[in-house]
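Just so you know, all these numbers are worked out from the coordinates, no wet-lab data involved. Please read all numbers here as calculations on a predicted model, not as lab measurements. Heads up, the Cβs are rebuilt from the backbone with ideal geometry, glycines too, and the neighbour counts pull from every protein chain shown.
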Amino acid sequence: MGIHSRRKGWDLGRAHALVRKTMSAEQPRKIESLDVDVHLPPGLTAEQIVFLKQAAQDCPVMRSLSDDLVVHLKWIVEV
């Protein structure tokens with residue numbers, strides 16, 4: 001998201017994410033799921049938010065995660 005927004009000249013200075021992990025109960029323990037609250041700064045258009053969501057889904061980190069890992073993204077636009 002940061003690379004794409006900088007290319008477009010968008011200021012995401014206050015953007016941040018809160019990540020909570022859920023571990024598996026069985027051995028060997030591993031991360032079973034991630035709940036991510038993505039906080040976006042105020043003033044973004046609906047088109048910008050859609051673009052950022054697409055960028056997040058197609059980023060190298062998301063593509064590198066195991067298919068077994070469940071990732072829940074919650075998008076929050078600050079006011």
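Tabulated data
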{"item": "Check: the chain dipole with +1 on Lys, Arg Cβ and -1 on Asp, Glu Cβ, in debye", "result": "260 debye"}
{"item": "In degrees, nearest ten, helix 46-57 long axis to first principal axis of the chain (Cα)", "result": "30 degrees"}
{"item": "Qualifying GluC sites (Glu not before Pro) for the chain [loop in DSSP, other Cβ within 10 Å: at most 15]", "result": "26, 78"}
{"item": "Antiparallel content of DSSP bridges confined to the chain, in %, to 5", "result": "50 percent"}
{"item": "log₁₀ of I(q)/I(0) at q = 0.12, 0.16, 0.18 Å⁻¹ - the chain, Debye sum with one point per alpha carbon", "result": "-0.40, -0.66, -0.79"}
{"item": "Farthest toward positive dipole pole in the chain [+1 Lys/Arg, -1 Asp/Glu at C-beta], among 33, 45, 9", "result": "9"}
{"item": "All aspartates and glutamates inside 17 Å of residue 21 as judged from Cα atoms, apart from same-chain residues fewer than 8 positions distant", "result": "32, 35, 37, 67, 68"}
{"item": "Gained length - residue 8 relative to residue 47, 0.36 nm times residue gap less alpha-carbon distance", "result": "12.8 nm"}
{"item": "Net length gained if the chain between residue 74 and residue 22 were fully extended (0.36 nm per residue, minus Cα distance)", "result": "17.1 nm"}
